[in-house]
Amino acid sequence: MNSASKDDCTVIQTSTLLLLLILFANMFGAIAVSQEPRDAAGETVKRSQAVRVEICEQGLNDKDAWPDPLPIATESFEVHAFGLDQIPPKYVDDGIRGKRPSPSMVRFSAVVELPAGKHRFLIRARSASRLSLNGVLIGATPFPPKNGGDGSQADTERLVAIDLGPGYRFAPRGEYEKIAEFESDGGLCEVKFDVFAGGREGKNPRRVEVGETVVAIAKSGTEKWELLTPLPESIPYTDASWEGYRARAAKIVFDHSAAQRSALRDQGSAYWASRRQAANAWLASTPEVSVPPLPEGLLAENPIDHFIAAKFATVKSQNRHKATENVDFFRDVKPLLESRCGDCHRGMKAKGGLRLDSEEFARKGGDSGPAYEAGNAVESELLRRVRSTDSDEVMPPKGNRLTESEVSLLTRWIQEGASWPELPLVRDSFIGTIDDAGFIRRAMLDTVGVPPTEQELRNFMSDSASNKRATLIDRLLEDPRWADHWVPFWQDLLAENPNILNPTLNNTGPFRWWLYESLLDDLPMDRMVTQLVLQRGGEREGGPAGFSIASQNDVPFAAKGAIVSSAFLGVEMKCARCHDSPTGAFKQEQLFQLGAMLAVRPLNVPKTSSVDPEKLNAGGRTPLIEVTLLPGSTVEPKWPFPAFADSGLADALVLNTEDQREHLAALLTAPQNERFAQVIANRVWQRFMGRGIVEPLDDWEKGEPTHPELLQWLGRDLVRNGYQVKSLVRTIMNSAAYQRAVDPSLKLPDPLYSACEPRRLSAEQIVDSLFAVTGKPFVTEPMCLDLNGRRETDNAVDLGIPRRAWMLASLSNERDRPSLTLPRLQAVSDVMSALGWRGSRQDPSSSRDIAPNALQPAILASGVMSQWVTRLSEDHGLTEVALREQPVETLVEELFLRLLSRRPAEREKASFVSWLEVDYATRRVANPVLEYRPHVVPKLITWTNHLQPESDPAAQERIVAAQKGDPPTPRLEPKWRARCEDVVWALLNSPEMIYRP
Amino acid sequence: MNTQWNRRDCLKLALSGAATSMVRPTLANAVSANAAPALQLGKAEHCIFFWLGGGMAQIDTFDPKRLGDARSKPSRSGSYYASIETAVPGVRVTEHLAQTAKVMDCVTAVRTVNHRVVDEHAFATNLVHTGRMISGSTVYPSIGSIVAHERGAVAPSVPAYMLIGIPNVSRGPGFLGAKSGFIYLTDTKSGPSGFTRPADVDSARSMDRLALLEPLQDRFPSQSIPADYRAAQVEALRLSGPQFMRHFDLEQETGTVRQRYGGEFGQRCLLARRLVQAGTRFIEVSHNLAFVNGTGWDTHNDGQLQQHILIQEVDTALSALIEDLKRLKILDKTLIVVATEFGRPAAFDSGGGRGHQGTAFSMVLAGGGLNHCGAYGVTDDECKEPLENPVSIPDFHATIFATLGIDPHHELLDGSRPVPITDGGTPIAKLLRGS
């Protein structure tokens, strides 16, 4: 205690001294310093080759005071200048994002060379900072107030931005600013710049971020502001130059972060090597799946094709008896049975013992005898029940009766022999292979989420190597954009649902960053799932701990259990949240056992997660559901799926046998749990092949595999390859089945994979592609409503400035306030929402709603984002193409290659050329006048001031500006430019932009 | 009648009519075909749903009590304004609702709405829009989406559900999917998002563009998924054409009518009326003009000072809408709802404004062919607890559904899982009886 108070005392003294120094510095405007900088040993120092950035986490408190002595750095790296707008995430455990202490401190230091003269220095920092030159403090910024407030606080201090002059940068996020003068005799100068990151809002930590942290210099006699750097280069502090610098610094932070993750993971490599050995031992001890011989006349690239060809031949032989002309089982009867009977008469717990999910069971019948006898409609029990007027007998028991035409359909089907083939034979033979242009577009959309650039396309087309497709696949699997393309899959599956403001709608932490980095680093699936289940790291900082949160949920871990079981075991337990499933084999208790393992403690069953027994037993008919777990019960952690893996397996696989999460992770991912590898393989297969071998993907009780041996083979292949998804993907993409052409008449994926169906791209693929192919920069606001970091982390996360569509989230303006709108993000979000993306993922999803509706084409045709990618602005990628000296035919060809990855057909070419050749020769403006961009202080709108009177009109201006978009280039004659935009519009609105080739 | 919030969705399927009839005999009679007209489903065709985001203070609007004093030390709880008589004897409202007071015979202020979610606007907003607590296993649809899903648009040529305000998930379609979502416009000057052609695209240029698009569409056979999309493109084109867009042109109204509706919020209501006439089923109109008083309806601290301007805006617009619909003889088939996420307490905060309160607050119904009575339900002197006829959020939703002819015991399907349209809500019988 004593020593603590003494420390406090010292701190106060130090800060008082600093304050005096600042006052002194301000009073006299400048301090003259002439001494040569020396290091600790008294040696004269040399000019630095970089600016050292050190992060200090220890020994800091939230007393708004500089620590003394300075804490030891826990992490460091080097950048090119005194400028940084992010610090690397903190990594902990197995290379996941953790939580830095808030506040932390960042020290920038370097020895720079200054010319003689009186220079001005600009400091920008989000929180307290101090700049010292040769040991003398010359400027500082203050600690922010402790109260972020309710949004109505005037914050004039930070909202009046310093204007450095035309072209120079304004503080983008309300950073504190200070200009100080310093007179140098010339020569070397030791610069130290300390900044605080984070702090407290009330008692709660703020985000440990730095904002745009900069020391810039205007050298004596100039008005030119540049970043202070020890290097000979000049980095003007203008918007354009900062953008380039920022990207360089971001790369450094990115690489530093990757190295941190890698170093931490090395510590676990021995453990994971032992897991691999155990998996190999299991593989060796269990029988291999035999790959069937290839039927005559069919081709194969790898074992996948053997399985598929064999099944195709089998079904073809079964289908010799064609369905009657009137009734087609797959078209007419099966959908009816599934939608109206399937909820109850399916799977192991089918009502009345009757299953209508396979021919064998249906013919066998249930408690009331066979459902039907082929060819004898008159005595069919099934028909009697659907026709019955007795409310105790009629089927289905709830909802509308079957219509007359539905009953008549079933009658004809039974009368005509009740044909029930194993799978529909959609085509008589396999379609041919997709052409090269289609292949590269498909392969890129499927792996990196965007089509090829013109150059990539041309290179691939002109490559004559016979293995060029395999080479392309290898290259794409190494592309970092793979991670961008796969994050949305996991966001949906795991219901990643961060909220940028006051999370209350079943929100999670932003574990998207963990997903992204896991994918970027090719984490094997068993290791990734283990990290998820362990739920460590920072909850709001992007670690898998974010998965553990479900704000305002009455039993978060029951909700998480249902996510884990459907994602990794294909066991759908939504119903078990409140009662035993009416059809599924699993009980509520099992879900709570699983939840208790995730929670590492017993779970109580609240009334709100149950069904009132009085109501349950009321009424005439026997209830469809049962409650066997009473509210108020306590459920202990226990592995609820002994059928998938024996719980005794875990002890040999875990590091800490007491940890229920470790147990769960081990039992999920052990190779003996074949369900896990198969569920993952099935999900990956579906992503590439259009449908799962088992459907639905998340509820295997409801479906039978179409190719059971293939599924087993794929599962083992995943284990054999160390749970590396990319290895599985490589096999799939190299198969002939994957590389088949599209049969445009297919409305659904063919379960026999005889051809590809036209497949709607995802919202993310479409949005990313529109920007990628046009070269229009993807520019939005930051995904954040607390730009200056005043709020507590738990109520205001910063999801960064999106560069790909997956980085968006719910815009969270339930408050309905114009000043909390993010209009550019809204424009993108509108497109994505229309296309089936959900900004708010309150529940997990394995498939999206992609049915066409009028809003989809409308928003792509006329929406705000669509205008951005269509208009030939100065920064639009096609503007230069349109200006290029080349025949109009070449321009049309190039537009097709860039936007649709193919050459135009004759008719298309004729139409587009005749449209563009009008005034083509005179399209370029001789002396274009670039639009003057006025140099005005941008209004900061953030949580702290969003209720101030100026914020609303300022937000309205921003909405109008976003809707208006960037001005068109002055270098093209407006009339011709409009024609060219019409062509771009037509290509972007072509069905080819939203359907996969 | 306070609903126990829980997830009994699947159960509701099992219960069937018999079980519900035990709990709610009146309604069971009402919905079974030939029962006496104790309570029957209403015949309203449209709904205009005002959203007063922030939490309207019932004690300063539709449920006035004795005068308080925000400035005295200590402050004295009570209404901030004097109250006045209305067209319904015995029913009083604040003096700033003077125009609405005159048509109060077409209005019922439901004064005993209640829930327990007051900490966070978004959470309560979600609750009042969806009628349910979040669950983590289902995303529930908003009331607008449910109505759109159940009844579609009145005229097939217009969207069923439109929003004049800012999109958010609480207003969204949840598990019903995008087809039951809203088309939105943020204010009366911007057209509907997605359907408003860019300023530099007139209809001639639009036709030129389509001519260029045609050969690209022709690559796909007519019986294909891309051809279905092409059909959607045709529909989108129609909606962005003058036949639909003319409904958004307020210039077509006379100056007198426009003036009667008042400022931007009134103009939104006028636009809503035009959309009703065009055949839109459900229109949510947001009164998100937060900066008239600094805080909008979230009248903490200084927000209280200019609250009367907000109230007057609503007064002008609501009364104008009622009169206008009456004049056009469509008031009986148009239900007007004034909704908000929660109310505010009688006591003042240290800054002279009001905090949040969910135990009792007012939401308002008007028109729709209901048996209006000026006010329904009674709260205590502090407006804090219902004394008579409490109305839960599910009850309030059930009343809206019943008014619009939708069986409040109907079940929606989330995939194969049945989800009752309300979480055990019962319509307010008194309003529907004899309607």
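The values are calculated or read from the model by the stated rules, or taken from the named source; none is laboratory data. Keep in mind it's a predicted model, so treat the numbers as computed, not measured. Cβ: placed from backbone, ideal geometry, glycine included. Neighbour counts: every protein chain shown.
Quick look at the values:
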{"read-out": "Options A:697, A:748; residue that is surrounded by fewer than 20 Cβ atoms within 10 Å (Cβ to Cβ), part of a loop (DSSP other than H, G, I, E, B), of a type in the set (A, V, I, L, M) and within 14 Å of chain B (Cβ to nearest Cβ)", "value": "A:748"}
{"read-out": "Number of positions in region B:168-179 that are surrounded by 24 or more Cβ atoms within 10 Å (Cβ to Cβ), in a helix (DSSP H, G or I) and more than 7 Å from chain A (Cβ to nearest Cβ)", "value": "2"}
{"read-out": "Residues that are within 13 Å of chain A (Cβ to nearest Cβ) and farther than 24 Å from residue B:307 by Cα, drawn from region B:93-118", "value": "B:116"}
{"read-out": "Region A:529-557, residues that are small (Gly, Ala, Ser) and within 14 Å of chain B (Cβ to nearest Cβ)", "value": "A:548, A:550, A:551"}
{"read-out": "Qualifying positions in region A:831-855 - modelled with pLDDT under 95 and assigned to a helix (DSSP H, G or I)", "value": "A:833, A:834, A:855"}
{"read-out": "Among the candidates A:830, A:843, A:816, residue that is without any contact (Cβ under 8 Å) to a residue 12 or more places away in the chain and at the interface with another protein chain (Cβ under 7 Å from one of its Cβ atoms)", "value": "A:816"}
{"read-out": "Subset of region B:119-147 that is within 12 Å of chain A (Cβ to nearest Cβ) and either more than 18 Å from residue A:840 (Cα to Cα) or of a type in the set (Val, Ile, Thr) (or both) - its residue that is surrounded by the fewest Cβ atoms within 10 Å (Cβ to Cβ)", "value": "B:119"}
{"read-out": "Criterion: free of Cβ contacts under 8 Å to residues at least 12 places away in the same chain and of a type in the set (Ser, Thr, Tyr) - qualifying residue of A:429, A:518, A:462", "value": "A:462"}
{"read-out": "In region A:813-830, the residues that are part of a helix (DSSP H, G or I) and farther than 20 Å from residue A:506 by Cβ", "value": "A:818, A:819, A:820, A:823, A:824, A:825, A:826, A:827, A:828, A:830"}
{"read-out": "Residue that is farthest from residue A:334 (Cα to Cα), among those in region A:413-430 that are in contact with a helix residue (DSSP H, G or I) (Cβ under 9 Å, 6 or more places away or on another chain) and assigned to a helix (DSSP H, G or I)", "value": "A:414"}
{"read-out": "Among (1) buried (at least 18 other Cβ atoms within 10 Å of the Cβ); (2) modelled with pLDDT of 80 or more; (3) within 40 Å of the chain's Cα centre (by Cα), the one test that residue A:298 misses", "value": "(1)"}
{"read-out": "Residue selected from region A:781-795 under the condition within 13 Å of chain B (Cβ to nearest Cβ) and under 28 Å from residue B:163 (Cα atoms), by the criterion surrounded by the fewest Cβ atoms within 10 Å (Cβ to Cβ)", "value": "A:795"}
{"read-out": "Flag for residue A:530 being polar (S, T, N, Q), touching a helix residue (DSSP H, G or I) at 6+ places or on another chain (Cβ under 8 Å), over 21 Å from residue A:718 (Cβ atoms) and buried (at least 23 other Cβ atoms within 10 Å of the Cβ)", "value": "no"}
{"read-out": "Test set (1) more than 8 Å from chain A (Cβ to nearest Cβ); (2) touching a residue at least 60 places away in the same chain (Cβ under 8 Å); (3) surrounded by fewer than 24 Cβ atoms within 10 Å (Cβ to Cβ); (4) under 17 Å from residue B:49 (Cβ atoms) - residue B:165 fails condition number", "value": "(1)"}
{"read-out": "Every pair of residues 6+ apart whose Cβ atoms lie under 6 Å, when the first sits in region A:928-950 and is of a type in the set (A, V, I, L, M) while the second is not in a loop (DSSP other than H, G, I, E, B)", "value": "A:940/A:159; A:941/A:819; A:941/A:951; A:941/A:954; A:941/A:955"}
{"read-out": "Some residue of region A:869-877 being at the interface with chain B (Cβ under 10 Å from one of its Cβ atoms), within 30 Å of residue B:195 (Cα to Cα) and not in a strand (DSSP E or B)", "value": "yes"}
{"read-out": "Residue match in region B:181-188 (condition: at the interface with chain A (Cβ under 8 Å from one of its Cβ atoms) and either in contact with a Phe, Trp or Tyr (Cβ under 9 Å, 6 or more places away or on another chain) or modelled with pLDDT of 90 or more (or both))", "value": "yes"}
{"read-out": "Of the criteria (1) out of contact with any Cys (no Cβ under 6 Å at 6 or more places or on another chain); (2) within 14 Å of another protein chain (Cβ to nearest Cβ); (3) of a type outside the set (Phe, Trp, Tyr), which one residue A:640 fails", "value": "(2)"}
{"read-out": "Residue count for region A:160-216, restricted to those that are assigned to a strand (DSSP E or B) and over 25 Å from residue A:66 (Cα atoms)", "value": "7"}
{"read-out": "Unique match (being closer than 24 Å to residue B:116 by Cβ and either modelled with pLDDT of 95 or more or away from every other protein chain (no Cβ under 14 Å) (or both)) among B:68, B:42, B:55", "value": "B:55"}
{"read-out": "Any hit, region A:805-823, residues being within 26 Å of residue A:481 (Cα to Cα), of a type outside the set (A, V, I, L, M, F, W, C) and either surrounded by fewer than 23 Cβ atoms within 10 Å (Cβ to Cβ) or touching a strand residue (DSSP E or B) at 6+ places or on another chain (Cβ under 9 Å) (or both)", "value": "no"}
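Per-residue answers, yes or no, for (1) within 9 Å of another protein chain (Cβ to nearest Cβ); (2) out of contact with any Asp or Glu (no Cβ under 9 Å at 6 or more places or on another chain); (3) in a strand (DSSP E or B):
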residue	(1), (2), (3)
A:915	yes, no, no
A:928	no, yes, no
A:933	no, yes, no
A:947	yes, no, no
A:954	no, yes, no
A:961	no, yes, no
A:983	yes, yes, no
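Condition check ((1) over 22 Å from residue B:370 (Cα atoms); (2) touching a residue at least 24 places away in the same chain (Cβ under 8 Å); (3) within 12 Å of chain A (Cβ to nearest Cβ)) across all residues:
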{"position": "B:306", "(1), (2), (3)": "yes, no, yes"}
{"position": "B:311", "(1), (2), (3)": "yes, yes, no"}
{"position": "B:316", "(1), (2), (3)": "no, yes, no"}
{"position": "B:327", "(1), (2), (3)": "no, no, no"}
{"position": "B:335", "(1), (2), (3)": "no, yes, no"}
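Let's see how each residue does on (1) under 24 Å from residue A:704 (Cβ atoms); (2) of a type in the set (Lys, Arg); (3) surrounded by fewer than 17 Cβ atoms within 10 Å (Cβ to Cβ):
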{"residue": "A:358", "(1), (2), (3)": "yes, no, yes"}
{"residue": "A:367", "(1), (2), (3)": "yes, no, yes"}
{"residue": "A:372", "(1), (2), (3)": "yes, no, no"}
{"residue": "A:379", "(1), (2), (3)": "no, no, yes"}
{"residue": "A:385", "(1), (2), (3)": "no, yes, no"}
{"residue": "A:391", "(1), (2), (3)": "no, no, yes"}
{"residue": "A:398", "(1), (2), (3)": "no, yes, yes"}
{"residue": "A:403", "(1), (2), (3)": "no, no, yes"}
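Residue by residue, here is whether (1) among the aliphatic types (A, V, I, L, M); (2) touching a strand residue (DSSP E or B) at 6+ places or on another chain (Cβ under 6 Å) holds:
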position: A:170; (1), (2): no, no
position: A:177; (1), (2): no, yes
position: A:181; (1), (2): no, yes
position: A:190; (1), (2): no, yes
position: A:195; (1), (2): yes, yes
position: A:199; (1), (2): no, yes
position: A:205; (1), (2): no, no
position: A:211; (1), (2): no, no
position: A:216; (1), (2): yes, yes
